[in-house]
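The values are calculated or read from the model by the stated rules, or taken from the named source; none is laboratory data. Just so we're clear, the structure is a prediction, and the values are computed from it rather than from any experiment. Heads up, the Cβs are rebuilt from the backbone with ideal geometry, glycines too, and the neighbour counts pull from every protein chain shown.
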Amino acid sequence: MLQVTFGRTKDFIADVKGVDSNKLSPEDKDGLLFIQKNREVSVSDYATHLNLQTKTANRRLKKLVDKGLVTKIGEKKGTKYKLK
């Protein structure tokens with residue numbers, strides 16, 4: 001029997017990837033759940049959802065990419081982010 005589990009808590013995604021969830025901000029945890037729910041998001045989607053400036057959203061997404069939680073797809077205006 002195949003069993004699929006979708007993380008729905010703010011700590012689940014980080015814990016599964018081996019990242020200490022205590023080192024992520026509450027906004028980053030909310031952002032991970034948002035990305036999980038939407039599969040792929042743009043910087044502007046992320047910024048709007050978390051009520052952030054675009055530059056701040058870019059920095060936070062880059063941090064999540066560097067931690068191995070999110071994958072960057074594309075370049076420039078077409079860039080999307082999804083869970084790794």
- Top-ranked residue of the range 1-26 - restricted to ones that are at pLDDT 80 or above and surrounded by fewer than 14 Cβ atoms within 10 Å (Cβ to Cβ), ranked as farthest from K80 (Cα to Cα): K23
- Message: Being of a type outside the set (A, V, I, L, M, F, W, C), exposed (fewer than 14 other Cβ atoms within 10 Å of the Cβ) and either in contact with a helix residue (DSSP H, G or I) (Cβ under 7 Å, 6 or more places away or on another chain) or in a helix (DSSP H, G or I) (or both) narrows it down to one residue among K55, K63, K82; which is it?
- Response: K55
- Can you tell me which residue in the range 61-84 is modelled with the lowest pLDDT, limited to those that are in contact with a Ser or Thr (Cβ under 8 Å, 6 or more places away or on another chain) and among the basic types (K, R)? K84
- Query: Of everything in the range 42-52 that's among the polar types (S, T, N, Q) and either part of a helix (DSSP H, G or I) or on the phi > 0 side of the Ramachandran plot (or both), which residue is surrounded by the most Cβ atoms within 10 Å (Cβ to Cβ)?
  - Reply: T48
- Query: What are the pairs, 6+ residues apart or on separate chains, where a residue within the range 14-28 that is assigned to a helix (DSSP H, G or I) has its Cβ under 7 Å from a residue that is at pLDDT below 70?
  - Reply: V16/G7; S21/D11; S21/A14; S21/D15
